[in-house]
Every structure is written in structure tokens, then in C-alpha cells.
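The values are calculated or read from the model by the stated rules, or taken from the named source; none is laboratory data. Keep in mind it's a predicted model, so treat the numbers as computed, not measured. Every residue, glycine among them, receives a Cβ derived from its backbone with ideal geometry; neighbour counts consider all protein chains shown.
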There are 2 protein chains.
Amino acid sequence: MAKKSSIVQPKRDAKPRKLSERDSRTLSKLVGLADDVTKKALGGKEPKLDIPTRTKSNTIWNRKRGILEMGDGVAERELFNLNQAKQFMQTMLHASTIKDLIEADKTSSLRGVFYKAKHTVAGTKENTFDDQAESDPILEDLEVTLGSLREELHVFAENRGAMVGNITLVDKGDEIDCRRMGSGGYALPSIVEPDIIQFKKCEAKFVLHVEKGTVWNRFNEDRFWEKNNCILTHGAGQPPRGCRRLLQRLSHELKLPIICLLDCDPWGHYIYSVIKQGSISLAFESSRLAIPDAKFLGIRAKDYDECELSDAVKIDLSDNDIKRAKEIAAYPWFEGHKQWQREIEHMLKNGFKMEVEALITKDISYVTEEYVPERLKDKDWLE
Amino acid sequence: MAKKSSIVQPKRDAKPRKLSERDSRTLSKLVGLADDVTKKALGGKEPKLDIPTRTKSNTIWNRKRGILEMGDGVAERELFNLNQAKQFMQTMLHASTIKDLIEADKTSSLRGVFYKAKHTVAGTKENTFDDQAESDPILEDLEVTLGSLREELHVFAENRGAMVGNITLVDKGDEIDCRRMGSGGYALPSIVEPDIIQFKKCEAKFVLHVEKGTVWNRFNEDRFWEKNNCILTHGAGQPPRGCRRLLQRLSHELKLPIICLLDCDPWGHYIYSVIKQGSISLAFESSRLAIPDAKFLGIRAKDYDECELSDAVKIDLSDNDIKRAKEIAAYPWFEGHKQWQREIEHMLKNGFKMEVEALITKDISYVTEEYVPERLKDKDWLE
């Protein structure tokens, strides 16, 4: 536990740097946490932490705000408890790493933080961490305990997704004109907080978010964003936090509607649900990630008839799909929502799912030139 | 088979457009293929195709060129053969789709091509394709039969990977200054052929290619490419074709050394092998994808001792790792290579693998500020 002291004692060789407002705030929370532990220890009291509980039972559906929230349940994490001592030590180790990261103005991957803390405790055969699966939840504990986003703790996950469209942004001082990003686009970073990314000039009237890079390519190649004055994003499947956070900032700060084009299957519905209301495992971050106004443009269960699609688009629902569809229909935020109940029922009645890419059976650019523009014009979407 | 005719008869409503030299070449090969089939049919002969064989036994290790190549084995695909008639029809269907794509100057994903051709044959219950796993190999058949890259057939896979560094390129007419791409970078497109991507201005002296986006973030955050005058790329794991092709163009056209920083494990060695020599399944494309001069900078088996790493970096080799390592050591292009034989032996003797991210145990920026610069200076790499 030798490293623990580094939390409260400033490093002798640390170069002082001017911290951003965000970093100062996070650092003072970290120091507060450490001070509290030290104070208890020096006062002869048991060092312990109150860790908010990240479970389904402590997740609340806030109907008014339209997002999932974490309840106020907390669990104590005590040093003098055989079952909790290791986790207590792990929490302190990660807190120390994060302090170092903030002071050095560097960021690290989840895996990097794991490696940083992984070692054999001196004089024992006990490892601080055995694998990353032990490490990631401890970081989430710190997020909720400090009330800081992972991004504010200088930790990132794999970055995925890309963007083009009628917006200029500034990323670490570099001006990125998303109107001139060719066929590749601007790769979305993992940390998109306002001190890193600023929006500079935006004519776009909305954001079209699509599920996959392959679909995004079609829209970019047809210059959909130019013809329809919008921003075009994808998250390479389930969008990672960086992508969700950027969409939320575009929604909140620039007041742009976020329009989602996803597959007509339980996975597409789930992606939409996470973008809109947040997820149970990250409920504590919904207010910084969820976009309650996000809209689901398609693919819709009615499209097989309405767009006169051929049988080629049908993919039979598996037993697991049917089970997932019913689970999603029972989510509190879908439960009271007549339109969504009808949508899921319709898909189940169809007995098949449909992918965005299936619209190519009509014509290669049917999706960009007819389907999406017409739905947008009619405001024909699910909320 | 009604669609077959569309290969040789021009569409009445097709808008003529000026084809690029590349597209004209591909189209004339396609028309040649179709003409041959028609000629045989009209001459009362059996329509058939010669499809080069994409198997291990038809893969040749060209020691002199340092790449894997496809041999000259071919298999006939006949229309009047019960076992081959369906594949013959599938080949014609995809050829027809590709002709449409080229004429429309559009590209499609592999999945899009599958959907485009998927339908029930009129008057029967037979589907042209049942799933994408049937469709992708037919496209590869066409690639080898026509001698055209998939990219030249206007077909792409999922795009992955990003780039920053001392280079300006032009992507579909947009100038991309990779020196000013912030923390996110330029997202690598799937098709990077010279008519889409041109290199404009490049001061960089080499390319550092890393395996993962998380490692790339560390190098970009530390502005490694600026301090070391290079280009920095990643391929989000096994680099997709777009990334490999771009690296090859940087190597061949700009004469930049491609230096790889990958994990010290069989997966890292395999990624290097594919970048350098090509893969068996894509042997027919090696001359346009493989980079025989690529170098493997690390992580090396000797690094545990040489860099005085802690035990935290060790990840035990699994039985499968050991099996894979021996398979890779027996590849003809590693077999006669003393340095690589020693490297793999050393890793097996260590009994553990090491990831690039493990270097964080030394210091957060050890990898960017010491490890890589020192190895570069000493030219300490495997070829």
C-alpha cells in the first residue's frame, strides 16, 4: 500500500502546470477523497468510502427528464473488512493513477490504467489486480464516487466512428472543417469535452446518425450532408461514449435534432434506447450522455409494405430476437409509449427484421435520395 | 437468369458519364467476361469461366519478391453442371451489379452487393443467395478472374483506422492536412486508390503503424509525429484492406519505411506477417497490398530484460498461443529467417506475451519518449 501516500503527498519532481477549470475541479474532488481517508485513519477511525451502487435496482427511470438515472443507494467500502480490503486498496491505487494523469496533463486507456496499477504487493504473493475485468469496475466506482465523467478522469476507451457535414470544430486547437473531409471523414476521438473540442461554425440543421460505417459511406458518397444541410455521424455499431457525448453536445449546445437511422431489429432498437435514455450500467452518466429528444427515423416495420420492398430484405427473427424484442418492449421508457409498442408488435407480427442496407434492393441511392429525405419532410419518425 | 442480359445490353436510362481510366479498364474486363459467355452460348457451346483457385495449395511464397502470390491453378465453373450452375449464376449476378456500380460511379458495401443480388428466382422457390457468406467468396472469384482489386470493383468493407502526421493528401478533391487533425485524426476510408486519394505534400520520413486506437491516442497526444517527423496510423487491430493499401502506397510511391509497433504475441506477429507478405486468402492481391520492406520495431521478447520491466507486464502464453506461435514460426517466410526464429523462440522461452500498453508500467510516455525513439535511432528492429 506504499503508493497510497502519493495521493496526498505532492511528487517532488512533478512539474507544476496551470490546470484547466475542469481538471482543478476533478483534482480537488480526488484530494477531498484522500483527505477524508487520511483524516479517518489519523483520527483512529476506520477508513471507508461510500460508493454509489450501479445496479438495476438502484436505477430510476426519470419520466420527466426522459432519462435513466442512478438512485441514491450507496454501499460502504471498508479497509478493515476482509471482503472489501482489496477493493479499497484498488480504489486508492486507481485514484492515485488518475491524480498522476491529471497532473501530467495526459490521458490513458482503460487498459493503461490497469497496467499502471498492476503489481505484486511487496512482501506478499498477492497481485493488486489480476485482470482488466477487475480494474474497469473500480474506475466506474471512482466515477460515481467523485461524480466525475471517465473523460474527466483522463481515461478513454477505444475510439470509433466518424463525422462529416456542415460544421467547423476546433480539436486541440486545430480547426477541422467537416465539409472538406473527403471520403474518410473526421475520426471521432474518445474524449470530446469542451476544453478539447469546441464548435466554431455550424450551418447544419440536424444530425443524421447511422449505425454502421458502410451505411455512412453511402450517405457521404452521395453528399447527403451537403444536399440536406446536416451533419453525418456513425459509431461503428453501438456508439462508444465519445460518439454519444459528441451527439449530446450537438443536441444541447447547438440545439440540433439528432435523427437516428438504425436497423429494424432489437439491436437497432436497443442502440436507439441507449442514445436516447442512457443505459443501466452507465445510468450515472445519463445526464451527460443521454439525448431524450433523439428521433428514430427508420428502418420501420411498416417499410416492407410502405416502400414496396422485395422479399430479399427479410431476415427471419430468431428466438433470441423475439425474446430481446419483448424485453425491450417492457423497458419502462418503452412501456408507456404507444408508438413504440406498436412498432415492436409490428416487427414481431412481420416475423422478420430488416437492415438499412437492404434498401439497396430498391436502388443503390434509394436510402439517401428518397427514403430519408421523404421521412424527414413528413417528420415521419418515432420519438 | 433474366438479369444476365443487363451485362451486355446497355441500360436505356443509364446516363453516360466519363469513366476514369481505372473504371474503363475494369468495365472492359467485365464486358469481355460477358462477351465470352455470350459468344459460347450463341455458338452452341457450353458457357463456362476459368476461376483462379484461392487455396493454400495454390499459394506460392515468392522469396525474391518477399510476398505471397497466387499460383496459376484454375477451376472451371460451368453452367451445365448441376454442382456449379448456381455459382455460375451468382457470378453473373454480381458481375452485373458491379457493372451498374461502375456506370453509376457509386460504391457499395459487401453486404449491399449481397442484398442487390438476393432474390427468389422467378417461377421457383430457389433463392439466388441465402446469406452473405455465400456472396463474399463469389466477389473474390470475380476479383481474381478479372484481375481487379475489390476496390476497383467499387466494393468496400467496413472502414477502420485513423491517421495524423506530416503529410497533406487530397481525398475526393478535399485537401486533408494531417498535421492539423486534432485528437481525432483523419478516418481512413475503405477505398484509397489513386483516383480517390492523392498525396500532395509530405515531409515525413517514415510511417509508424500501431495496432490499436488506444496506443495511437498516446502517440498523437504526445505529438510523436511532430517531434519525430513521421506519419502515425492505426488499423483498429488487424488492419483492414484500406489501411494496408494506403500503407503500401506510402511505401511504394513516397518511399517511406513502414515501421510497425505491435504486441509481442502470436497475434501481433501475424498482423506483421500480413502487412509484410500478404495473407493466403488474399494472396492474389499481395502485389497491391503487401509491404515486403515493413519493419517490426517491437514489442520484442528481449524487452522484459532490456527495458527492465516489472512482472506486471507478463501475460502467460495459453496453449493456443503456443500452438499459433509454432505455426507462425513454420511459415515459409519466417522459416528461413534466423532473427524471427530467435524472436519466437525467445517469446516461447519467456512463457509470456507482452502488450504495447504494458510499457505504461515504466511511465505514461515511456513508449513515445524513450522506447520508440531509441529503437529508431539504433535501427533496432526485425525485418
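Which residues, counting only those in segment B:195-209, are under 19 Å from A:G184 (Cα atoms) and touching a residue at least 60 places away in the same chain (Cβ under 8 Å)?
Residues satisfying the conditions are B:D195, B:H209.
Give just the number: which of (1) more than 25 Å from the chain's Cα centre (by Cα); (2) among the charged types (D, E, K, R); (3) farther than 30 Å from A:K99 by Cβ; (4) surrounded by 15 or more Cβ atoms within 10 Å (Cβ to Cβ) does B:R324 not satisfy?
(1)
Considering only strands (runs of 3 or more DSSP E) fully contained in segment B:124-193, which possess at least 2 residues that are more than 13 Å from chain A (Cβ to nearest Cβ) and free of Cβ contacts under 8 Å to residues at least 60 places away in the same chain?
none
Would you please name the residue that is nearest to A:V274 (Cα to Cα), looking only at residues in segment A:82-93 that are part of a loop (DSSP other than H, G, I, E, B) and either within 14 Å of chain B (Cβ to nearest Cβ) or out of contact with any strand residue (DSSP E or B) (no Cβ under 6 Å at 6 or more places or on another chain) (or both)?
Per the criteria, the residue is A:N83.
Filter segment A:368-381 down to residues that are within 29 Å of the chain's Cα centre (by Cα) and surrounded by fewer than 18 Cβ atoms within 10 Å (Cβ to Cβ) and give me whichever is farthest from the other protein chains (Cβ to nearest Cβ).
The extreme case among them is A:K379.
Step by step: first the residues of segment A:94-123, then only those that are surrounded by 22 or more Cβ atoms within 10 Å (Cβ to Cβ) and away from chain B (no Cβ under 12 Å), then the one that is farthest from A:L27 (Cα to Cα). Which residue is that?
Among them, the one singled out is A:H94.
Residue-wise test of (1) among the small types (G, A, S); (2) outside the structural domain of B:I322 (by TED's automatic domain parsing).
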site	(1), (2)
B:D195	no, yes
B:G213	yes, no
B:W216	no, no
B:I258	no, no
B:C264	no, no
B:I275	no, no
B:S279	yes, no
B:A283	yes, no
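Just one of the numbered conditions (1) β-branched (V, I, T); (2) out of contact with any Lys or Arg (no Cβ under 7 Å at 6 or more places or on another chain); (3) surrounded by fewer than 19 Cβ atoms within 10 Å (Cβ to Cβ); (4) assigned by TED's automatic domain parsing to the domain that holds A:D263 is not true of A:T168; which one?
Unmet condition: (2).
Can you confirm whether segment B:186-196 contains a residue that is of a type in the set (S, T, N, Q) and either crowded, with 17+ Cβ neighbours inside 10 Å or within 24 Å of A:C243 (Cα to Cα) (or both)?
yes
From A:D222, A:D136, grab the single residue that is assigned by TED's automatic domain parsing to the domain that holds A:A104 and either at pLDDT 95 or above or in contact with a Phe, Trp or Tyr (Cβ under 9 Å, 6 or more places away or on another chain) (or both).
A:D136
Could you name every one of the strands (runs of 3 or more DSSP E) located completely within segment A:1-81 that has at least 2 residues being touching a helix residue (DSSP H, G or I) at 6+ places or on another chain (Cβ under 7 Å), at pLDDT 90 or above and of a type in the set (A, V, I, L, M, F, W, C)?
Once the strands (runs of 3 or more DSSP E) in segment A:1-81 are filtered for at least 2 residues that are touching a helix residue (DSSP H, G or I) at 6+ places or on another chain (Cβ under 7 Å), at pLDDT 90 or above and of a type in the set (A, V, I, L, M, F, W, C), what remains is A:48-52, A:67-70.
Return the residues of segment A:328-344 that are in a helix (DSSP H, G or I) and in contact (Cβ under 8 Å) with a residue 12 or more places away in the chain; say none if nothing qualifies.
Result: A:I328, A:A329, A:P332, A:W333, A:F334, A:Q339, A:W340, A:Q341, A:E343, A:I344.
Consider only pairs whose beta carbons are under 8 Å apart and that are at least six residues apart or on different chains; among these, list those whose first residue lies in segment B:224-249 and is without any contact (Cβ under 8 Å) to a residue 12 or more places away in the chain and whose second residue is surrounded by 24 or more Cβ atoms within 10 Å (Cβ to Cβ) and not in a helix (DSSP H, G or I).
Going by the 8 Å Cβ cut-off, there are no qualifying pairs.
Against the conditions (1) at pLDDT below 95; (2) away from chain A (no Cβ under 14 Å); (3) buried (at least 21 other Cβ atoms within 10 Å of the Cβ); (4) farther than 19 Å from B:S57 by Cβ, where does B:V313 fall short? Just the number, please.
Unmet condition: (2).
Please state which of the following conditions A:E285 fails to meet, knowing it meets all the rest: (1) of a type outside the set (K, R); (2) under 28 Å from A:M70 (Cβ atoms); (3) outside any helix (DSSP H, G or I).
The single condition A:E285 does not satisfy is (3).
With A:T145, A:T124, A:T97 as the choices, which residue is farther than 25 Å from A:A236 by Cα and touching a Lys or Arg at 6+ places or on another chain (Cβ under 7 Å)?
Going through A:T145, A:T124, A:T97 in turn, the sole match is A:T97.
Of everything in segment B:345-367 that's surrounded by 22 or more Cβ atoms within 10 Å (Cβ to Cβ) and in a helix (DSSP H, G or I), which residue is farthest from the other protein chains (Cβ to nearest Cβ)?
B:M347
Taking segment A:52-75, which residues are within 20 Å of the chain's Cα centre (by Cα) and of a type in the set (S, T, Y)?
Of everything in segment A:52-75, those that are within 20 Å of the chain's Cα centre (by Cα) and of a type in the set (S, T, Y) turn out to be A:T53, A:T55, A:T59.
Being touching a helix residue (DSSP H, G or I) at 6+ places or on another chain (Cβ under 8 Å) and of a type outside the set (D, E) is the requirement here; does B:Q132 meet it?
yes
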